[in-house]
Every structure is written in structure tokens, then in C-alpha cells.
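A quick write-up on the structure given underneath.
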Amino acid sequence: MLDAPTAPVRGVTPRVPAEPSAIRGLLGRREVSLLIVLAGLVLLFALLSDRFATGGTAAQVLTNLSIVVIVGVGLAMVLMTRNIDVSVGSMVGLTAYFAADFSAENPGLPIPVVVLASCLLGLLLGSVNGALVATLRVPSIMVTLGTLYIYRGIDSAIAGSNQVTAQNLSQDYNDIASWDLVGVPGMFLYALLIAGAAHLFLRHTYSGRSLLASGSNPEAATKLGLASRRWVFVAFAVSGLLCGFAGMLWGARYGTVDSSVATGYEIVVLAAVVVGGVSVNGGSGSVGGVVVGAAILSVIAVGLALVNVSQFWLQAIQGLVIVVAIVSDVLIRRRLQGTGART
Amino acid sequence: MSVATASTAAPQRQSRARRLPSWFGTWELTLVVLIVAVVVTASVTSPFFATGLNFSITAAGAAALALMVIPMAWLMISGEIDLSIASIFGVSGVVFGLAVEAGAGTVASVAAALVAGGVAGLVNGVLVADLGLPSLVVTVGTLGLFRGVAYILLESRSISAIPPGVTRFAQGNLPGTIVPFSLVLFLLLALAAGVLLHRGGIGRKAYAVGSSLDVSRFSGLRVQRVKRGLFVFSGTFAALAGVVYAGYVSSARANNGTGLELSVIAIVLIGGVSMFGGRGTFPGVVLSLVLVTVLTSWMSLAYVPSNVQNTVVGLLMIGAVVVPVVVRRVQDRRARPTQ
């Protein structure tokens, strides 16, 4: 029903191609080509360094990409509604400190309570973004630029120059991140679960497809009776919730938490999401793409370190990757739809 | 055709004496009131605030930021945004430092930095204007790319052998006064930019492109050239700011200016420029710059940590956007009591 709009809405040009097979074809091709790129990179680094093709490295890559995927799923949903959320780094940082401190101050607290508290905080932070964007129609870049500052400021105010270290945290808390199942790190399994749930939601529920539709063509979606603004709000709220979960995991994984956690993280996550094929114009992209995109960037980061290339190259590569991904996305899209240049 | 497209002045019924010019409306008045309020409160609560020394320190310290605000105002009025300016600021400072280290002399080094900034701006310009990519996300990418290049070039070193001419310019005042050299530079450039924006043909083009891309195109405006030019403008000024800053802190580092883009954008937005383009005035932006500068000066004197200062600026920015929306809604509701 939502794949092939039959009667064009007056005055609005639907940007979704009319044939559903064209969309599926594109997505199929994008993910396949991403997997090929990933395989190529793995091969490259395996050749360049003997230490790359080991179980330990694989575990490291998987753990690295897990938090990116968790945050990335939320960010992808926001992008799908044709908005952006640059405050994810600050949300992760704030919830990370909150969760770690909360647990350190109350050692007897059962871990599920800490997890819940962190997620609720994240949900609140994301909802503020969502409310400003959806209800007051403030452009999302402005809202989230502002909250990037504001949430980081709150984080600094709460944390001061404090640091919560692994010793302060209970063993249970640290254990959340350090288990594995037949060698596969627990963190990665969390990420897979979340990604899987998001995928099911977006592709196989009416609500999820409404979310995609409202980003693909907001005016048409509204005329079709889909509550576009509600999905925008939901996307931001979910983004915040997932940041809350990721923040809690951050402390468990990295041990030391202070007010500078996840500064600049939004670039890393945005790179993964954009590489993974989520369009910045809204309406398209897949969770699978986000996972593979995060994998590609994680392989690059870990591989560069093993090959002794200076870590200073990493940021440039991440930025370049964003630009290249957007350029190729737009060029492919244009060729498929045959429209002229539009800004 | 008058330039008063952005004007909120009433039609000819008002006498000429009472009509506000197109470049100074209610918003600008509000900013003036706020500035006066902050200055008065700060002078009362902090004895050091209203001194000549504080003025020159604050003005010199804000010079780099101020220089970047000039092109950003133009760019946002034309409907685009450049999140990478702080990274261009950083990489140009690095180029400047490296040129100095290589013995290239002051003028050549400054020129090299400006060229680097212009090239970076051109990259943005081509991506946005010619390839038609959304500037918001593209400049997030180039933000990482240019900053990354700065790190590749200089790694974690810092170059402190900044030519004395540059440091004296960035840190010093006009002989015998409290007016910093860099403030004079800023005022001259800002004056030129403001006059051109509100009275010049190129300024009209910027507004036109921001108000309606299609109408501009159909009117024969070379939109791509305008946008490209604005990004090069942005890159070059970011480079200039980067050089001035390196002189001010006597050090060129790859991480100079990290995060400054948020302050620049916040200032332009608080100045009344709309994200969607086509609206806002240059005096508004300058007033906003003054407001944010006196506010942060006051907070610094009160030992407020910089992260919290950023929070206040962030709140101000959101307020600057939310308040007009709310006001408009209230006005709409009052105008249509039957709804």
C-alpha cells in the first residue's frame, strides 16, 4: 500500500519510485556492495598485518561497532524522518556518567534498575528534542545543536572533574559488557537484538512503514493520514532511549567515565549510518546497512591501529567517508529517477 | 525594487520619521535592550567588567569568532550552512604554522593559509552548489575531513614560533587606546559586508537565493556561482580567523577552534537569521555577537565553567528560534478567535 502510490497527490511530486522492485533492487544492491567493501577491507588488513586475522581482533571489531550500531539505529530512524540529531554524543556522554555514578553511589542496586534509569534518562533527553522539532517545528539541526551544548553542559555541571572508574563500579555492572557466547562478545549480541527489533519495526509493521513514509514525502504522508509529526517525535525519543542504553554500556565497557565521554561521537555514528545507506533526504535506508556501515568503519579503525598508521588519519577518513557516501547516494538516486539537479 | 524584502515596516501610511529601516527592526531593538541589560547588570555585579582592560581583552579574544560570523551570516541568509568552518579555521592555522616553520616569511605564510581556506571553501562550494548535496550533512563530513587533515599535517605538535608581526596584531591595541587591532579589522570588514549585503547587488542575490531558489533560477540568477562564492568567502574568512587566533594564542595547533562552529551558528541564529534563508539582517547579527560576547565575558568573570557557558549560549539559541514561533502562534490565535 505504501510502496506504490497509485493516485498522485495534487501538487506534490512523490519521491518514492513507483515500482516497488526498484526500491528493493536498490537496497539489495547497496547492502551487497557494502558487504563486498567490508570483505575487501578485511582481506586488505589481513594481508597487511598478521595480527589482524585473529579471534581477538574480531572480538575487538565487534565490540567497537556495537555501541555505534546501538546509537546508529536511533540516528538512522531520525534521518529517515528527514531530520538530524547531532546531540547523540552528548546524550551518550550524559547518560554514561549518570548510569556509572548512580551505580557507584548505590552499589546494592540491581543492574536492571540502573539500565532502566539510564534508558529513561535517554528517553527524556530524546523527547525534548522530539517535542521541539515535532511540536514547535524548530529545524532539527538547530534543536540538536543546542541540546548538544546543553546536555554536555549539564554533564559537566554534574560531573565536575569527577571520574568514575571500574573499581568504583560493582562487579555486576562491569559484567554487563564483558561476557561472550561461544566467542561472540555480549555487546555485539545486544546490538544485534536491537538492530533486529528495529528492522522488524521499520519493515514489517504499519507504524514503522509510516515512519519511513513520513520522511520520504512528508506532505503526501500527511495527506494520506499518517501522523508524520508523531513519528518524528517517536524517532527522536527512540534515539534518546538507545543513547541511554549505549551510555550505560559505555561505562561497563570502557571502565572510566567522566564528562568528556563520547565527545564528537556524533560524527562517528553519522559516518556509519550514512555509509550504511540511510539517506539524508529521508525515507530510505536499512538497519542492516547501518550494521555493515559500522562494521566497515570499525574495521578501518582497528586495522589502521594494527598496521601502525597514525590514529590521526582516522578522523579525516571518517569525514571523507561521509562525503563519499552522500555523493554516491545522490548520484545513484538521480540516475534512477532521472530528475535534474535539485538543491 | 527596494531591498526591503526583509522589512517588517508598515506601508507608506507611516511618516518617514517613524518608519524603521529595513536593516533595523524589532528583533534588533530587542537585542539592543538585552545588551544594555547585560552590560548594566555585569558592571554592577562584577567590578572588573566595565574597565578598559576588560574591553580590550574581550574584544581581542572574540576577534577570531567575530571574523567567522561575517560570512556565516551571508551563507545562512542564502539558505545554506557551513558546519566545517571551525575545521577550516584549524587547518588554515596549521598551514600557516607549517609555512612559518618552513621559513616562508609572514606575508607568504598568511597567504598560504588564506589559499588553503579558500580551497577548502571551494570544496564545500562544489559539493553543495554543483553536486546539489545538502549543505547540512556535507559540511558535517567536511568538518571531519578538514580537521582530520589538520591532524595529519601537524599531529599533536604545536608551533609556537608565530611571527611577531602577527602576534602583535592579534594581541595588541592601537597605540595609546584600548581598541585592539583585530577589532578594527573586524569592524572594517563587517562594515563592508553589511553595506554590501543590504545595499549591494551581491547582497540582493544572497537574499534572493535564500528566499526562493526556483524564483532565483528562473530570474536568471546564477545560483551555483552565488553559492560557490559564498562558501569560498566562508573558507577564506575562516582561514583569516585561524591565523589571527594563532597569533592571539601564539600557537598553531591542529585542534585550534574545535567546536567553534556551534558558537558561530548560534550567534547568527540569535541575530535573527532564519535557518530557511531569506531573512535576517547584518546589524542583527553584529548585535547578537556583542550580546554573546558580553554575556560570556560576564560569565567568565564569574568563574562559570566554559561548558556551562556553552549551555547558556545553546539555550539562548533555542530561545531565539522558539520565541518567534510561539509569538506567531499566539498572534495567529488572537487574530482568528473563531478557530
Rounded to the nearest 10, the angle in degrees between the Cα long axis of helix B:282-301 and the longest principal axis of the Cα atoms of chain B comes to 60 degrees
Let me know the mean shielding of A:136-148 by other chains, meaning the per-residue number of their Cβ atoms within 10 Å of its Cβ.
-> 6
Scoring chain B by relative contact order with C-alpha pairs under 8 Å, at least six apart, yields a percentage of 31 percent
Would you work out the relative contact order for the range B:78-134, in percent, from Cα pairs under 8 angstrom that are 6 or more residues apart?
-> 31 percent
For B:I178 and B:A108, extending 7 Å from Cα along the Cα-Cβ vector and measuring point to point gives, in nm, a value of 4.2 nm
Once both axes come from the Cα atoms, what is the angle between helix A:55-80 and the longest principal axis of chain A, in degrees from 0 to 90, rounded to 10?
-> 40 degrees
Take the alpha-carbon centre of the range A:250-319, take the same for the range A:51-116, and report the distance between them in whole Å.
-> 12 Å
When the scattering of the range A:90-176 is computed by the Debye formula from its Cα atoms alone, each counted once and equally, what is log10 I(q)/I(0) at q = 0.11, 0.13, 0.19, 0.24 Å⁻¹?
-> -0.36, -0.48, -0.85, -1.12
Distance cut-off 17 Å, percentage of C-alpha pairs in the range B:248-290 lying past it | 44 percent
Could you calculate the contour length gain from B:T51 to B:V32, that is, 0.36 nm times the residue separation minus the distance between their Cα atoms, to one decimal place in nm?
-> 4.8 nm
For the range A:41-116, build the convex hull from the C-alpha positions and give me its volume per residue in Å³.
-> 147 Å³
Ratio of Rg to Rh over the range B:231-339 (Cα coordinates, Kirkwood Rh, two decimals) | 1.09
Kirkwood Rh, Cα Rg: Rg to Rh for the range A:172-307?
-> 1.02
Cα radius of gyration and Dmax for the range A:141-236 (Å) | 19.8, 56
What do you get for Rg/Rh of chain B when both radii come from the Cα atoms and Rh is the Kirkwood radius?
-> 0.99
Applying 1/(1 + (r/R0)^6) with R0 = 41 Å to the Cβ-Cβ distance of A:L331 and B:R199, what FRET efficiency is obtained, to the nearest 0.05?
-> 0.55
For the range A:69-113, fraction of C-alpha pairs farther apart than 12 Å, in % = 67 percent
At q = 0.08, 0.14 Å⁻¹, what base-10 log of I(q)/I(0) does the Debye formula yield for chain A when every alpha carbon is treated as an equal point scatterer in vacuo?
-> -0.38, -1.14
State, to one decimal in nm, how far the label point of A:V307 lies from the label point of B:A192, with both points 7 Å from Cα in the Cβ direction.
-> 4.6 nm
Going by alpha carbons, how many degrees (0 to 90, nearest 10) lie between the helix axis of A:111-130 and the longest principal axis of chain A?
-> 40 degrees
For the range A:246-343, what class follows from the C-alpha gyration tensor (a ≥ b ≥ c being the square roots of its eigenvalues): rounded when a/c is under 1.5, otherwise prolate if a/b is larger than b/c, else oblate?
-> prolate
A:N162 versus B:V215, label points 7 Å from Cα toward the beta carbon: distance in nm?
-> 5.5 nm
Rg [Å, one decimal], Dmax [Å, integer] - the protein assembly as shown, C-alpha atoms = 25.5, 83
Express in % the proportion of alpha carbon pairs of the range B:201-263 at distances exceeding 18 Å.
-> 52 percent
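Every number in this text was worked out from the coordinates using simple rules, so none of it is lab data. The structure presented is a predicted model; accordingly, all values stated were derived computationally and were not measured. Backbone-built Cβ (ideal geometry, glycine too); neighbour counts: all protein chains shown.
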